[in-house]
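The values are calculated or read from the model by the stated rules, or taken from the named source; none is laboratory data. Keep in mind the model is a prediction, meaning the values are calculated, not measured. When we count neighbours, we look across all protein chains shown, and the Cβ atoms used for this are built from the backbone with ideal geometry, even at glycine.
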Amino acid sequence: MQTKAKSQFYRLASWLLWPGLFAAGLVGAGFAFHTAMPLLWFNVVYLSIVAAIAICERLMPYEQQWLQRDGETFNDVAHTLLSKGGVQLAAALGASAPIAVATIAQPAINAPAWLWPVGWPLAAQVVIGLIIAELGLYIAHRAAHEKLALWRFHALHHSVERLWVVNTGRFHLVDSLFKIALSQIPLYLLGAPLEVFLWVGAVTAFIGLLTHCNIDVRTGALDFVFSTPQLHRWHHSRVLAEGNTNYGENLVLWDQVFGTYFNPDRRPPVDIGISGRVADSFVGQFLQPFSKRGFRQILGRKAGHPNLGIAGLEGSESRSDDHTSGSIVEMQNIQ
Ligand SMILES: [Zn+2]
Ligand SMILES: [Zn+2]
C-alpha cells in the first residue's frame, strides 16, 4: 500500500516537476526584474533552481549511471562561468549572459521602435521575441553540427558522457558568443524593448537548465512545443542520425519546420558522447579548437589518417564512418 502510494506520488511528481520548476523560475525572474538589482536577484533565482534540480536528480534520477562522477564538474562550472557569466562581472555570479548583454546593448543601440509591436501585451511580445531568437539559435546550433569550423567549438558540449544540471552551461566561449549574436541581433534590429530581452533570456536560462536535468520527468505533449529533456537526450546521442536533430534551445518550432524534429517512442540512449577526444583541463579545452592538432583530436582522427584528406572522403557526404555524433563533413575546412 505504501509502495503504491509512493509510486503514485512519484508519477505525479514526474509530471509536475518540469512545468513546476519552469514556472517557479519565471515567477522568480518576475520578482528579480522588479527590484533595483535585477541581474543580481536573477542570479539568486537561477542558482536556487539549479539547487532544486540537483536535489531532484538525487531523489528521482532518470539514469542512475549519470549520477556517477566524471571528473568534469570543475570544467563544467568553469566553462559556464566564462561563457555565460563572463559579461556579468558586476553580478559576479554566472547565470545568463544574454540578459547581461541586453541590459547594456539594448538601450545603446536604440533601434527604430516602430518595427516592434510595443503596444501588444508583454507576454505576446515575449512569445514573438522567443520565436525570432529561436530561429537564430536554431541556425547557430545546426551550423555548429554541420560545419566543422564550428563543430570544433561545439564538440566540447557534446563530449560529456552524462547529462545533469551542472553541464548545462558547458559551452566553449566562441560557441556561446556565436549563439548570442545570431539570436539577439535580429531583436536589436527590430527594436525589441529591454523587457523582451530580459524575459527571452529568463526563458532560455530555465529551459536550458531543465533540458540537461537528470530527473525522471515526463513531458508528454510539452515535447511538441518546448525543448525538453526527452528531446535533448536524443540530441546527445552518439549516433549521427539521432544526434543531428532537435536543435531547438527553447522551442522546437524550427525543428518541426525544417524537418529535424526527432522524438521516437523509445528511451533515448544512455551512452552519450563524441568519437573524438577533448582535452582534460579547462585551459586545454579552451585552447584545443584553435590548433590543428587539437582539432584533429576533437574529430577523433590521427594526423595522416586518410579521412583527413579530401581524397579520402570522395563520394562521402558524411563523416560517419564510425556513426558517432558530430558534424556532417566539410573536410575542405580542415586546413
Ligand atoms: Zn548540439
Ligand atoms: Zn546539451
Search region 13-28 for residues that are assigned to a helix (DSSP H, G or I) and pair each with any residue that is among the hydroxyl-bearing types (Ser, Thr, Tyr) and surrounded by fewer than 17 Cβ atoms within 10 Å (Cβ to Cβ) when their beta-carbon atoms are under 9 Å apart and the residues are at least 6 apart or on different chains. Ala24/Ser48; Gly25/Ser48; Gly28/Ser48
Cβ contacts < 7 Å: first residue part of a loop (DSSP other than H, G, I, E, B), restricted to region 216-230; second residue small (Gly, Ala, Ser), any location; separation 6+ or different chain. Result? Asp216/Ser14; Val217/Ser14; Arg218/Ser14; Ser227/Gly248
Scan (1) within 23 Å of the chain's Cα centre (by Cα); (2) modelled with pLDDT of 50 or more; (3) more than 16 Å from ligand 1 (Cβ to nearest atom) for the single condition His323 breaks and write down its number. (2)
Quick one: which of Phe286, Phe282, Phe258 is surrounded by fewer than 16 Cβ atoms within 10 Å (Cβ to Cβ) and in contact with a helix residue (DSSP H, G or I) (Cβ under 8 Å, 6 or more places away or on another chain)? Phe258
Within region 241-264, of all residues that are within 16 Å of ligand 2 (Cβ to nearest atom) and assigned to a helix (DSSP H, G or I), the one farthest from Ile55 (Cα to Cα) is Asp255
Neighbours by Cβ (under 8 Å, 6+ apart or cross-chain): first from region 234-249, under 19 Å from Glu134 (Cα atoms) and of a type in the set (Asp, Glu); second in a loop (DSSP other than H, G, I, E, B) and more than 13 Å from ligand 2 (Cβ to nearest atom): none
